[in-house]
Amino acid sequence: MERPEIVELFYSALLEPNDVEPLSQFLSPRVEWILSAADPQTLGEELPSNAIKFSGTEGFRQLALYFRDRLHVISGDLTGCIPHHHLIFSFGRVRLQTREVGRLAETNIAAKITFQGSKIIKCQIRISWPLVF
């Protein structure tokens, strides 16, 4: 499977935490997941102070549950993928449930995914401001 196809699996599993199994074979046992809000104060920082970290396959499950339970992400779309050597830069949109019943919010998501062969070894995810962690 090509790396962009693996990234599609990643987005699918991230947005549907019960569907992690197809992605599992493409995860390094010690894969590192880093989630942070992207705003002008953290733009460009490798590891902003507001970052949340998870590790391994179980860490991915925790990350996906964080998206669903804490950020209230209900759906999303991968809109682009740019391969560059061992990296893939991906972009998308996520829709979140707001506190107002029946009202949704939409924001951007971007990820820098580092591969070693066909295994993901690191993933840095940024969600556009104004989300607060």
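The values are calculated or read from the model by the stated rules, or taken from the named source; none is laboratory data. Computed from a predicted structure; not experimentally measured. Side chains are part of the model used for accessible areas, which takes the heavy atoms of the whole protein and leaves out ligands, DNA and RNA. Shrake-Rupley method; radii C 1.70, N 1.55, O 1.52, S 1.80 Å.
If you run the Gaussian network model on the chain, springs between alpha carbon atoms under 10 Å, then out of Glu32, Glu100, Glu16 the most flexible one is Glu100. Over the range 1-112, accessible surface divided per residue gives 57 Å², non-protein components excluded, 1.4 Å probe. Based on DSSP H runs of at least 4 residues, each adding -39500 (n - 2.57), what is the mean residue ellipticity at 222 nm of the chain after dividing by all its residues, to the nearest 500 deg cm²/dmol? My calculation for the chain gives -5500 deg cm²/dmol from helical runs alone. State the percentage of accessible surface on the chain attributable to carbon and sulfur atoms; use a 1.4 Å probe and exclude ligands, DNA and RNA. Its accessible area is 51 percent carbon and sulfur atoms.
Restricting the calculation to Cα atoms, the chain yields a radius of gyration followed by a Dmax of 14.0, 45 Å.
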